[in-house]
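Engineer: What follows is a structure written as structure tokens; I'll ask about it next.
The values are calculated or read from the model by the stated rules, or taken from the named source; none is laboratory data. Just so you know, these numbers come straight off a predicted model, no measurement behind them. Neighbour counts run over all protein chains shown; Cβ positions are idealised from the backbone, glycine included. The accessibility values were calculated without ligands, DNA or RNA, using every heavy atom of the protein model including side chains. Shrake-Rupley method; radii C 1.70, N 1.55, O 1.52, S 1.80 Å.
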Amino acid sequence: MALAALESTREQFPILKETIRGKRLVYLDNAASTQKPDVVIDTISDYYRHSHANVHRGVHALSQRATDQFEHARRLLQGFINAREDAEVVFTKGSTEAINLVAASWGRTFLQPGDRIMLTEMEHHANIVPWQVVAQQTGAEIIVVPILDDGSLDMEAMAKLLDERVKMVGVTHVSNVLGTVNPILEITQMAHAVGAKVLVDGAQALGHLRMDVQAAGVDFYTMASHKMYGPTGIGALYGRRELLDAMPPYQLGGGMIRSVTFEKTTYAALPDKFEPGTPNIADAIGLGAAIEFLSPRLEDAHHLESELTLYTHERLSEIPGLKIHGTAPGKAGTISFTMADVHPHDIGTILDSEGVAVRAGHHCCQPLMARLGVAATARASLALYNTREDIDVLASALRRVREVFGL
Ligand code: 7TS
């Protein structure tokens with residue numbers, strides 16, 4: 001993307017004009033949540049001003065309008081990830097709810113004592129805890145694929161651990177701490193060879209790289225709108241029809257039934273079976289706008305963020321005592337680091353005083369923190385509106401941290 005085009009993209013994010021403590025905002029907390037372009041903000045506002053009514057119910061014009069926009073958003077998402085049909089895209093609150101849906105519905109139905117659920121050392125708690133509970137309920141066992149020192153997944157270890165006892169492989173597409181991009185096609189091929197299903201947690205991926213769920217052969221793929229320039233409170237689960245059809249509903253109520261008597265209920269077809277109650281209509285439509293914004297820019301953004309990731313590594317490596325956690329080849333723009341004995345929260349606070357927003361903590365990855373031998377890290381994470389200048393500000397703010405702590 002030419003610099004001018006990038007500038008015009010920045011212009012579309014009103015929040016980037018905010019000043020923080022008198023300084024220009026340098027927003028580097030995109031892995032937690034990206035900012036929103038005008039088109040997403042305006043789409044949501046327009047929806048409430050001109051189109052709101054409940055979906056899938058009314059015979060009246062507004063309900064029809066809301067339903068059309070809501071279902072259009074689903075088709076945009078289907079196209080974005082290249083799902084075979086729109087019914088394979090189920091709206092959820094986010095990636096967390098999508099994983100809970102699969103763990104509770106698929107897991108409780110199909111797992112048995114002696115079965116294994118394979119996770120990785122770099123999973124977010126959202127892709128650990130639901131499986132742990134399902135393992136307790138079904139008698140299945142969790143096994144964990146380790147990472148290598150550079151933050152790559154240990155594929156040899158995965159190959160050794162994979163056998164017919166493994167029924168589900170749950171793996172993140174991109175690590176929210178290390179930035180590692182996992183080889184999803186290779187993983188699905190290995191897993192399918194032993195008859196296991198694969199759930200990929202796409203929360204950190206879809207805002208930054210192109211995903212084709214059919215080409216990658218995934219069984220389930222989870223999405224978080226707010227990390228891809230869309231609103232909070234909405235996301236989706238992609239599942240292959242054959243699997244979703246065989247799964248019982250996860251939550252029950254109105255909108256997901258075919259017929260109800262006090263004796264018996266039959267369920268609606270996909271995707272309604274998994275969408276009881278009034279959905280988050282406005283934010284689904286906002287997510288549709290985010291996809292229309294992101295999709296034409298995605299390859300340029302990917303290229304730009306890859307270059308900026310290398311630049312960030314270069315600049316941060318110049319700072320004495322700073323250690324970057326996660327250096328896998330081809331990694332995404334999520335850069336976690338620690339600085340001597342300085343607590344990451346102190347790093348975050350000093351950076352904030354310079355207008356730089358980063359995240360500090362365990363990033364909902366306590367098992368990974370244990371593997372890295374740290375309690376927490378500071379994390380700078382990139383989006384398509386970040387610039388070299390942002391990274392220069394980060395680097396000089398980190399030098400300020402050294403001064404404050406007399407390093
Ligand atoms: N999976 C991964 C890999 C994540 O990074 C996150 C959120 C989730 C799942 C949960 O997604 P949600 O949409 O349901 O919230 N990760 C982070 C983070 O790194 N900092 O804040 C939230």
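Engineer: Every residue in the range 25-43 that is under 27 Å from residue 178 (Cα atoms) and either open to solvent by 80 Å² or more (accessible area, probe 1.4 Å) or under 21 Å from the mean Cα position of the chain (by Cα) (or both), please. Walk me through it before giving the result.
Structural biologist: Step one: filter the range 25-43 for residues under 27 Å from residue 178 (Cα atoms), giving 25-37.
Passing the criteria: 27, 28, 29, 30, 31, 32, 33, 34, 35, 36, 37.
Engineer: Report, by residue number, each residue of the range 82-105 that is buried (at least 22 other Cβ atoms within 10 Å of the Cβ), away from the ligand (no atom under 16 Å from the Cβ) and either part of a helix (DSSP H, G or I) or not assigned by TED's automatic domain parsing to the domain that holds residue 47 (or both).
Structural biologist: Passing the criteria: 88, 105.
Engineer: Hey, another quick one. Of all residues in the range 199-212, which are touching a residue at least 40 places away in the same chain (Cβ under 8 Å) and within 19 Å of residue 103 (Cα to Cα)?
Structural biologist: Of everything in the range 199-212, those that are touching a residue at least 40 places away in the same chain (Cβ under 8 Å) and within 19 Å of residue 103 (Cα to Cα) turn out to be 199, 201, 202, 203.
Engineer: May I ask you to say which residue of 207, 170 is within 16 Å of the ligand (Cβ to nearest atom), under 30 Å from residue 38 (Cβ atoms) and at pLDDT 95 or above?
Structural biologist: Details: 170 fails: under 30 Å from residue 38 (Cβ atoms).
Exactly one of 207, 170 is within 16 Å of the ligand (Cβ to nearest atom), under 30 Å from residue 38 (Cβ atoms) and at pLDDT 95 or above, namely 207.
Engineer: Then there's this: Are any of the residues in the range 284-295 more than 16 Å from the ligand (Cβ to nearest atom), open to solvent by 60 Å² or more (accessible area, probe 1.4 Å) and out of contact with any Gly (no Cβ under 9 Å at 6 or more places or on another chain)?
Structural biologist: Yes, there is a match, as at least one residue in the range 284-295 is more than 16 Å from the ligand (Cβ to nearest atom), open to solvent by 60 Å² or more (accessible area, probe 1.4 Å) and out of contact with any Gly (no Cβ under 9 Å at 6 or more places or on another chain).
Engineer: Can you find a residue in the range 16-35 that is in a helix (DSSP H, G or I), within 30 Å of residue 312 (Cα to Cα) and assigned by TED's automatic domain parsing to the domain that holds residue 135? Walk me through how you get there before you give the answer.
Structural biologist: As a first pass, look at the range 16-35 and keep what is in a helix (DSSP H, G or I): 16-17.
This time we only want the ones that are within 30 Å of residue 312 (Cα to Cα), so: 16-17.
After this cut, where a residue has to be assigned by TED's automatic domain parsing to the domain that holds residue 135 as well, the list is none.
Checking the range 16-35: not a single residue is in a helix (DSSP H, G or I), within 30 Å of residue 312 (Cα to Cα) and assigned by TED's automatic domain parsing to the domain that holds residue 135.
Engineer: Now for a different question. Of the residues that sit in the range 346-371 and are more than 15 Å from the ligand (Cβ to nearest atom) and either crowded, with 18+ Cβ neighbours inside 10 Å or within 18 Å of the chain's Cα centre (by Cα) (or both), which one is nearest to residue 147 (Cα to Cα)? First the steps, then the outcome.
Structural biologist: In the first step, residues of the range 346-371 are kept if they are more than 15 Å from the ligand (Cβ to nearest atom); the result is 346-347, 349-356, 370-371.
Subset that is either crowded, with 18+ Cβ neighbours inside 10 Å or within 18 Å of the chain's Cα centre (by Cα) (or both): 347, 350-351, 354-356.
On the way: 347: 26, 350: 31, 351: 30, 354: 34, 355: 34, 356: 30 Å.
Going through the qualifying residues, I end up with 347.
Engineer: Okay, next question. So residue 331 passes all but one of these: (1) within 23 Å of the chain's Cα centre (by Cα); (2) charged (D, E, K, R); (3) open to solvent by 30 Å² or more (accessible area, probe 1.4 Å). Which condition number does it fail?
Structural biologist: (3)
Engineer: Okay, moving on. Quick test of your reading of the structure: residue 195 fulfils all but one of (1) farther than 24 Å from residue 275 by Cα; (2) surrounded by 16 or more Cβ atoms within 10 Å (Cβ to Cβ). Name the failing condition by number.
Structural biologist: (2)
Engineer: Would you call residue 189 surrounded by fewer than 19 Cβ atoms within 10 Å (Cβ to Cβ), touching a residue at least 60 places away in the same chain (Cβ under 8 Å) and either assigned to a strand (DSSP E or B) or more than 14 Å from the ligand (Cβ to nearest atom) (or both)? Working first, answer last.
Structural biologist: Details: surrounded by fewer than 19 Cβ atoms within 10 Å (Cβ to Cβ): yes; touching a residue at least 60 places away in the same chain (Cβ under 8 Å): no; either assigned to a strand (DSSP E or B) or more than 14 Å from the ligand (Cβ to nearest atom) (or both): yes.
Criteria not met by residue 189.
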